[in-house]
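Bear in mind that the values in this text are calculations on the coordinates, not laboratory data. As the structure is a computational prediction, the values presented were derived from the model and not from experiment. No Cβ is skipped: glycine too gets one built from the backbone with ideal geometry, and neighbour counts run over all protein chains shown.
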Amino acid sequence: MVKQLWGKEFDKFEGQSPAIFEGLDRWSPELEEELSDLLRAVRRKKGFSLFFVQCSPALGERIIEVIRERFPQKKLARFELDRESKTLYRELIESYQTKQFEIACVTGIEQTLYAYEDTKRLAGWSEQDIYNYSWKGVPPLLSHLNYHRELFEENLPVALIFLVPRFAIDYFVQRAPDFFDWRSGFFKFMESSEDLQKYFHELVSQKYGKYLDLTPEQRMEKILEIKDKIFQIDPSDNEQKSNLLREQGRLFESGGSLVQALECHDRALTSNPKNYNAWHSKSCVLHSLERYEEAIQSCDRVLEMQPSYYRAWGNRGKALYNLQRYEEAIESYDRALEIQPNYYYAWNNRGITLRYLKQYEEAIESYDRALEISPDFHPAWNNRGIALYCLKRYEEAIKSCNHALKIDKNYYYCWFFRGYILGELELFQEAIKSYETGLEIKIDDYQGLVSCGNLLRRVNRYQKALDSFERALKIQPNSIRVLRLKARCLEQLNLRKDALDSYTKIREINSNNFWDWYYLAYDLYYFSEQREIIS
Amino acid sequence: MAIEQINIQVALKEFAKLTAVVRSQPGQRQKIRDRLEPHTETLIQALNDFIKDGCSHLPEQTKLVVIADNLDRIVPIFRDNGRSNYEEIFLDRHEQLKALECHIIYTVPIALIHSRWATELKDNYGIPQVLPSIMVRHEDSTPYEKGLDTMKTIIRLRLPAVLKASGMSAVFESEEILQELCLMSGGYVRDLIQLMQETINRTESLPIRERAVQRAVDALRDVYRRAVEEDWWEALREVHQSREIENNLLHRGLLLSRCILEYRYYKDNGDKQTWYDVHPVLWKEL
């Protein structure tokens, strides 16, 4: 039950006129009313009292300032929590014993919540059933508050004021209702429309790359901040709401939360179906979800409204490419490049598509265009190498790869491809070296391991080849091809029993593929023959 | 402390100690729990000795009742296997919970009573009693004076002595304002007190004016609204229309968060009638 008896408060009714705050002309009338309510409540309470104030961090600072000004005779203590905070009671009581404060303002509670799975749910709009949700327990600070409730009341005759953002109140309501129900008051401060406008302005100029650099907790903080603003804007301002939702979606996307991202974009589009940026962002997410048809539809919506949105043409091309509709993809890329000839991503993707159409010369031209614009765009160098390889211009292909690797020496895929060409040229030692460099960067690349093993086998380095195959089998234990390669290595190393084990394993996998059986029979035939000769 | 050999005198003291530890160092709860677990039987025995001893000092015809309050407010935690802490507490441990030799009232989360475990709960403890909200409206939404009077009495009894003499008219600007406050509580006492408190926070001098009540209601509404996910509003609208709930996860959850309140009354022929409605602060949102 609520422990604070309201009855006591009548003693202190002073009948004074509403407070007027000096130097606070920036407070709107609504804020001022809420503020005088808060101050009144703090003034009247005797003994322990608990207040929740919902506000942005910046607004929180101003509120604390006002409390200080209004109660010059009362001692005020500040407590700032951070991500590591797990307790509060001890800190409060220790400080209280020496400083005897009367008001304690606590900020930063939200910091303790960012890492929690529930927070992710509160941050998004995903309409999953809360009761089917696997709660990862209650954050330590909240259980601490729940458990220490009574001690707060008994030993801390102070006004305890929590200044928290919106979602933290949600968290309290859902995960620490007992503590929240003890409140002597709940006050809500909205930001002024100028502050909100300033925020929107800063937000719109954000680059997606910036979002990618955020840590998961920073990202969560940002997402929640946006959600908080969504609740504060004028509900009829659909345009702004839609922009905010899209931004939220992009943040989710940058953290790999595609389902949440899609939900945000869908909401953005419900609020404002004309938000072509949101249609575009939605197409990106759909593409990542491999829902290519829908991605194309989203692109089409963008282009209906904004035919010169070249990135949408680019995305459309990519989706068509993934649907193996190569000719249409090229058309889309061409549209993009008509509008923006410097769009080197599109030149590169166009090249890839042309390669699938076996138009290697044209593909190389396309890559060259990309590299004219952005000489350091290493994927284009690699792709150019592939096209040259297809034309059997091996030396040039290797040169192109070398170029890519000069720009990014960690481009392991290119190391593999380079190794592959070298292998074709029967420069086995160099080929193996190229693969090994790639495998140092990406130690668990299945295809890289298999190819490297094969090359090692060809130069009779069976033990090393065997190692490579073993590693590949750790990733795909039931690969018949690798098991067979392994068996052959073992034969060469005279480890016949182990080789037979490998064959047995192939038999157990029981493939439906005719060729698997054919090769198995073939191997066993020669295998047994050899064995007979030896015996 | 040796829990193995507990006798009643020792037990008394040790229990007091344990309670003190739990209160002063709540972080130790889990540890204490783990230590006590193997000794549950002994503890129950000791408790029963204690109860027996206590009862022997009671006047004749008097019985002991223990009330374990606030268990209804335990936040549900779902395990990976789909079970919840409710089941662990009330079902897995029912033997122990029933082992005390006195009357004992446990307050269970309302969601448990409406869950698939209802039968098991009934088999283990008998039919659970539901303490409904106080009816402040009839099922047809018209104000129910008798219930409203109860709410008003609760407020009156909590008035400070100075004001009791001058009566409610000195506290509230008009009878309608008081009525509104009581109606908005939905007959749920905790919310009545919460509303009263927020109203006072928002009142500079008596009598309390309409605006203060309105703003207190807004603040409470804001809290309730947070417990409702967006696609649950449709379900709430239906309950508000039909005055009935379905026995599903969603409705149980809404009961637990008190977005849906349960009411009961007896018809003229003596039949018990149970009905449900959305918490009145949320009506505006439907």
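Rounded to the nearest angstrom and ordered from largest down, what semi-axes does the equivalent ellipsoid of the stretch A:146-249 get from its C-alpha gyration tensor (root of 5λ)? Display every interim value, and only then the final one.
On the way: eigenvalues 221, 57, 27 Å².
Those come to 33, 17, 12 Å.
Before rounding to the nearest 500, sum -39500 (n - 2.57) across all DSSP H runs of length at least 4 in chain A and divide by the residue total; then give [θ] at 222 nm in deg cm²/dmol.
Working: 27 runs with 354 residues, N = 535.
Rounded to the nearest 500, it is -21000 deg cm²/dmol.
Considering the alpha-carbon set of chain B alone, what are its Rg and its Dmax in angstrom?
Spelled out, the Cα radius of gyration and Dmax of chain B are 22.8, 65 Å.
Quick check: pseudo-label points 7 Å beyond the Cα along Cα→Cβ at B:Ile104 and A:Lys399, how many nm apart are they?
8.8 nm
What does the net charge come to around A:Ser468 if you take all other residues with beta carbon closer than 10 Å to its beta carbon, with K and R at +1 and D and E at -1?
+2
Residue-wise, which Karplus ³J(HN,Hα) couplings in Hz belong to the stretch A:289-294, taking 6.51 cos²θ - 1.76 cosθ + 1.60, θ = phi - 60°, and x for glycine or proline?
Using θ = phi - 60°, the values come out as 7, 6, 9, 5, 4, 5 Hz.
Under 18 Å Cα-Cα from A:Lys409, which lysines qualify once same-chain neighbours fewer than 8 residues away are excluded?
Result set, ordered by chain and number: A:Lys399, A:Lys433, A:Lys442.
Given H placed on each backbone N at 1.01 Å, which residues far from B:Phe78 in sequence or on other chains put an amide H within less than 5 Å of it?
Residues meeting the criterion, in which the H sits 1.01 Å from N, are A:Trp135.
Assign one of three labels to the stretch B:127-286, namely rounded, prolate or oblate, based on the Cα gyration tensor with a ≥ b ≥ c the square roots of its eigenvalues; rounded applies when a/c is under 1.5, prolate when it is not and a/b is larger than b/c, and oblate otherwise.
It comes out oblate by the Cα gyration axes.
Could you work out the mean count of beta carbons from other protein chains within 10 Å of each residue's beta carbon in B:226-233?
Working: counts 9, 5, 0, 7, 3, 4, 3, 0.
Counting Cβ atoms of other protein chains within 10 Å of each residue's Cβ and averaging gives 4.
For the stretch A:209-288, what's the relative contact order in percent, using C-alpha pairs closer than 8 Å and at least 6 residues apart?
So the answer I get is 28 percent.
Determine ³J(HN,Hα), in whole Hz, for all residues of the stretch A:148-163 in sequence, where each value follows from phi through the Karplus function 6.51 cos²θ - 1.76 cosθ + 1.60 and θ = phi - 60°; x replaces Gly and Pro.
These are the phi-based 3J(HN,Hα) values: 8, 2, 5, 5, 4, 5, 6, 10, 10, x, 10, 8, 9, 10, 9, 9 Hz.
When chain B is treated as a GNM, springs tying every alpha-carbon pair under 10 Å, which of B:Thr19, B:Thr199, B:Thr274 comes out with the largest mean-square fluctuation?
For chain B, modelled as a Gaussian network with Cα springs under 10 Å, the answer is B:Thr19.
Restricting to DSSP H runs of at least four residues, report the calculated mean residue ellipticity at 222 nm for chain B, -39500 (n - 2.57) per run over all residues, nearest 500 deg cm²/dmol.
Mean residue ellipticity at 222 nm (helix-derived): -14000 deg cm²/dmol.
Enumerate the lysines that B:Lys152 could reach by cross-link, defined here as Cα to Cα under 30 Å, with residues fewer than 8 away along the same chain left out.
Reachable lysines: A:Lys3, A:Lys8, A:Lys12, A:Lys45, A:Lys46, A:Lys188, B:Lys164, B:Lys267, B:Lys272, B:Lys284.
Treating cross-link reach as a plain straight distance, find the lysines whose alpha-carbon is under 17 Å from the alpha-carbon of B:Lys17, omitting any fewer than eight places away in the same chain.
B:Lys31
Once the other residues with Cβ under 13 Å from the Cβ of A:Glu84 are scored (Lys, Arg +1; Asp, Glu -1), what is the net sum?
That works out to -2.
For chain A, calculate the relative contact order in percent as a whole number, restricting contacts to Cα pairs under 8 Å that are 6 or more residues apart.
Working: 699 pairs, mean separation 42.1, N = 535.
Once normalised by length, the contact order is 8 percent.
On C-alpha positions alone, give me the angle between the axis of helix B:145-157 and the longest principal axis of chain B, in degrees, nearest 10.
Helix B:145-157 sits at roughly 70 degrees to that axis.
Under 5 Å between amide hydrogens, which residues at least 5 positions from B:Glu262 or on another chain qualify, with H placed 1.01 Å from N in the peptide plane?
Sorted by chain and number, the residues that satisfy this are B:Ser133.
Distance between Cα centroids, the stretch A:363-439 to the stretch B:57-93: provide it in whole Å.
Using only Cα atoms, the two centres lie 69 Å from each other.
Near B:Gln129, within a Cβ-to-Cβ distance under 13 Å, what is the net charge of the other residues, with Lys and Arg +1 and Asp and Glu -1?
+1
Please list, in order along the stretch B:41-49, the HN-Hα scalar couplings obtained from phi with the Karplus expression 6.51 cos²θ - 1.76 cosθ + 1.60 (θ = phi - 60°), rounded to whole Hz, x for Gly and Pro.
In residue order, the calculated couplings are 4, 4, 4, 4, 4, 4, 4, 5, 4 Hz.
Using Cα atoms only, what is the angle between the long axis of helix B:8-24 and the major principal axis of chain B, expressed in degrees (0 to 90) to the nearest 10?
With rounding to tens, the tilt is 50 degrees.
Would you please give the FRET efficiency between A:Glu293 and A:Ile339, computed as 1/(1 + (r/R0)^6) with r the Cβ-Cβ distance and R0 = 25 Å, to the nearest 0.05?
The computed FRET efficiency comes out at 0.55.
What's the angle, to the nearest 10 degrees (0 to 90), between helix A:394-407's Cα axis and the longest principal axis of chain A?
The helix A:394-407 is inclined about 20 degrees to chain A.
May I ask you to derive the relative contact order of the stretch B:163-208, considering only C-alpha pairs under 8 Å and at least 6 residues apart, and to give it as an integer percent? Walk me through the intermediate numbers first.
Values: 26 pairs, mean separation 21.2, N = 46.
Contact order relative to length: 46 percent.
Kirkwood Rh over alpha-carbon pairs of chain A, then Stokes-Einstein at 20 °C and 1.002 mPa s: what D in µm² s⁻¹, rounded to an integer? Mind showing how you got there, number by number?
On the way: Rh = 28.9 Å.
Once the numbers are plugged in, D ends up at 74 µm²/s.
Amide H of B:Ile104 versus every other amide H placed in the peptide plane: which residues, excluding those fewer than 5 positions away on the same chain, fall under 5 Å?
Under 5 Å from the amide H of B:Ile104 lie the amide H atoms of B:Val66, each far enough along the sequence or on another chain.
Is the shape of the stretch A:268-331 best called rounded, prolate or oblate, per the rule: a/c under 1.5 gives rounded, else a/b larger than b/c gives prolate, else oblate, with a ≥ b ≥ c the square roots of the Cα gyration tensor eigenvalues?
oblate
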